[in-house]
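Chemist: I am attaching a structure below and will ask some questions about it afterwards.
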Amino acid sequence: MINSERLSSRIEELSQFGKLPKGGITRLALSKEDKAARDLLKKWMEELELKVVIDQMGNMMGIWGESDTPGIAIGSHLDSVKEGGNFDGPVGVIGALEVIQSLKENGIKPKKPVILINFTNEEGVRFTPDMMGSLAFAKGIDVEEAWKIKATNDGKTIKECLKEIGYLGKEIPGTVNIENYIEIHIEQGPILESEEINIGAVSQLQGIYWTEYILHGKASHAGTTPLSMRNDAGFVAGCMIKQIRKLAKKHKGVGTVGVCELSPSQINATSETVRIIADIRHPKEKKLGKFQDDFDAYVSKITKKEGVTFEKKELVRFTPVQFSEKIVELISKKSSELGLTCTEMTSGAGHDAQMMQRVCPSAMIFIPSKDGLSHNPKEFSTEKDIENGAKVLYEVLKELIN
Ligand SMILES: [Zn+2]
C-alpha cells in the first residue's frame, strides 16, 4: 500500500537543498534552499492534483477533496536547523504526501478533505519563536506582528523573506476547517531504537521554558584579583549550568544551558558580561513552574553572593500538551494490526502538532532515530522505519476519512 522506494527517494531528493559536504543539510526557514524544497513539494502536490494554498505565513497546504466538512490535516515542516539532518520534518511532509498518493492509487475516496501541510519556520533558528507557522495557524501569534520579526542572521523581516521567495500567500492562517491533525516525525531520541520498538504513539509533549539571563560582573585580572574580590559573571554562569542539572534530577525533568557567551572571552581575565539561556522541560505544568522558580531563586542567590547583577527575559513559555487519547489509541491499534510494536510516549522536543492541538484533537507518530541523534548531519532513520510510520498513518487516516 505504501511505495517505500518512492517515499525514501523523495526524501533523498529533497536532501539536495542545503546539502552539506559532510552530509546533512542547512535549510533555514525562508532561505533560498527552503524555497527550492518548497518548489519541489509544490510540484509534487500539483502532480497529485492537490489544490495548493499558501497562507500569509507561507504555510503550504495541499488539499485533496472539496467539501464543507472539516478535514484531516497531516504534515510537518521542511526547514532545518544549522547543520541538521535530512529527516527531521521531511519524513512527516513526504510521508503525508506518500499516504495521500497511496490512498489515491488504491481508489480510496475520502468523505472528508485531507490537507497536507508544510509549516513555516518550525525550527526557529533564523526567526524566533520556533513553530511559528503552526502558532499563527492556531492564532497564537498575530500575522502582522510575525511579519515584523527579523532574521537572526541577516536582519530581513519575515514578510520581506516571504515575498522574496514567492511564498507570501493571501489566505489567513487557520481558516481551513480542520477536525484532526496527525504528524509523523522521527523520535529525535534513543528510546524506540534502544527498546527495539517500531512506533511511538505520542500522547503528550513536554512543556518548554526558555529564559535568557544577562549577567553583569566585572572584568578583572586573572592573576592579581583575589578570589574574594571578584565579581566574575563567568563563575556564576558555571554555577548555573551545574545547578540546572541538579534541579532537573530533583524534579525529574530535563534542563540544559546551550548558550553561554562570555565577554570578554579572554584567557587572563574574569568575565564582565555573560549571556546565558536556560532550556527547562517537563511534561507536568506545575512541576515545570516549580523547576523554573527554583532555578530563578538559585540565580538570585548566586549572583548576590558573587556581587553580580542580572537581567532576565522570558523567551519561550510553552506549557505541556496532552494529545488526543482517541487518536493515540487508534495509532496503537493500527500499529498492532500491521504487526508493528508500539508504545505510548512523551515527546521531549517541540513540534507543530502541539500548536495544532490548540485548534483540534491531534497526535504524533514517532519512528526510531539511529543512536537517538537529531539536529545533527548524522541523523538517520531507515527506509523500513519510515515506511512503517507511513503505513500507520495510512491506516489511521483511512479510518478517519471514512
Ligand atoms: Zn521537526
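Each reported figure results from applying straightforward, stated rules to the coordinates on display, with no laboratory input. Every value quoted in this text rests on a predicted model; they were computed, and no experiment measured them. Reconstructed Cβ throughout: ideal geometry from the backbone, glycine too, with neighbour counts over all protein chains shown.
Chemist: Any idea what the alpha-carbon Rg over 2.2 N^0.38 Å comes to for the stretch 258-348?
Modeler: 1.73
Chemist: Also, I was wondering about something else. Take Lys333, project a point 7 Å from its Cα along the Cβ direction, then tell me which residues of the stretch 364-402 have their backbone nitrogen under 14 Å from it.
Modeler: Residues 395-402 qualify, since their backbone N sits under 14 Å from the label point.
Chemist: Hey, rough spin-label estimate for Glu344 and Lys43, points 7 angstrom out along Cα→Cβ, what's it come to in nanometres?
Modeler: 4.4 nm
Chemist: How far is the Cα center of the stretch 1-66 from the Cα center of the stretch 154-179, in Å?
Modeler: Each part reduced to its Cα centre gives a spacing of 16 Å.
Chemist: Can you pull the Rg over Rh of the stretch 1-135, Cα-only, Kirkwood?
Modeler: Here the Rg-to-Rh quotient is 0.97.
Chemist: Also, I was wondering about something else. Regarding the stretch 302-402, what are the three Cα extents along the principal axes, ordered largest first, in Å?
Modeler: For the stretch 302-402, the Cα spread along each principal axis is 63, 34, 19 Å.
Chemist: Okay, next question. Under a point spin-label approximation (7 Å from Cα along Cα-to-Cβ), what is the Thr128-Glu212 distance to one decimal in nm?
Modeler: Rounded to a tenth, the inter-label distance reads 0.4 nm.
Chemist: While we're looking at this one, here's another question. Determine which residues of the stretch 172-186 fall in the zone a paramagnetic label at Ser67 would reach in this model, i.e. backbone nitrogen under 18 Å from the point 7 Å along Cα→Cβ.
Modeler: 176-182
Chemist: Sorted by packing (mean other beta-carbon atoms within 10 Å per residue), highest first, where do 354-360, 114-120, 284-290 land?
Modeler: Top to bottom by mean Cβ count within 10 Å: 114-120, 354-360, 284-290.
Chemist: On a full-extension model of 0.36 nm per residue, what is the gain between Lys287 and Lys304, subtracting their alpha-carbon distance, rounded to one decimal in nm?
Modeler: 3.5 nm
Chemist: How far apart, in nm, are the 7 Å Cα→Cβ label points at Lys250 and Ser4?
Modeler: That separation, rounded to one decimal, is 4.9 nm.
Chemist: A further question follows. Taking the highest mean first, how do the peptides 230-239, 261-270, 73-82, 370-379 order by number of other beta carbon atoms within 10 angstrom per residue?
Modeler: My ranking of the peptides, most packed first, is 73-82, 230-239, 370-379, 261-270.
Chemist: Roughly speaking, what is the stretch gain from Glu83 to Thr319, that is 0.36 nm per residue apart minus the C-alpha to C-alpha distance, in nm to one decimal?
Modeler: Contour length minus the Cα-Cα distance gives 82.2 nm.
Chemist: Moving to a separate point now. Would you compute the Debye intensity of the stretch 209-316 from its alpha-carbon atoms alone, equal scatterers and no solvent, and pass along log10 I(q)/I(0) at q = 0.12, 0.15, 0.22, 0.23 Å⁻¹ to two decimals?
Modeler: Values, matching the q order: -0.40, -0.60, -1.10, -1.17.
Chemist: With N set to the number of residues, divide the alpha-carbon radius of gyration of the chain by 2.2 N^0.38 Å and report two decimals.
Modeler: Its radius of gyration relative to the 2.2 N^0.38 Å reference: 1.05.
Chemist: What value does the stretch 40-115 have for Rg/Rh, both radii from Cα atoms and Rh as Kirkwood defines it?
Modeler: 0.99
Chemist: For the chain, give the share of DSSP beta bridges that are antiparallel, in percent and rounded to the nearest 5; count only bridges with both residues there.
Modeler: Taking every DSSP beta bridge within the chain, about 65 percent pair in antiparallel fashion.
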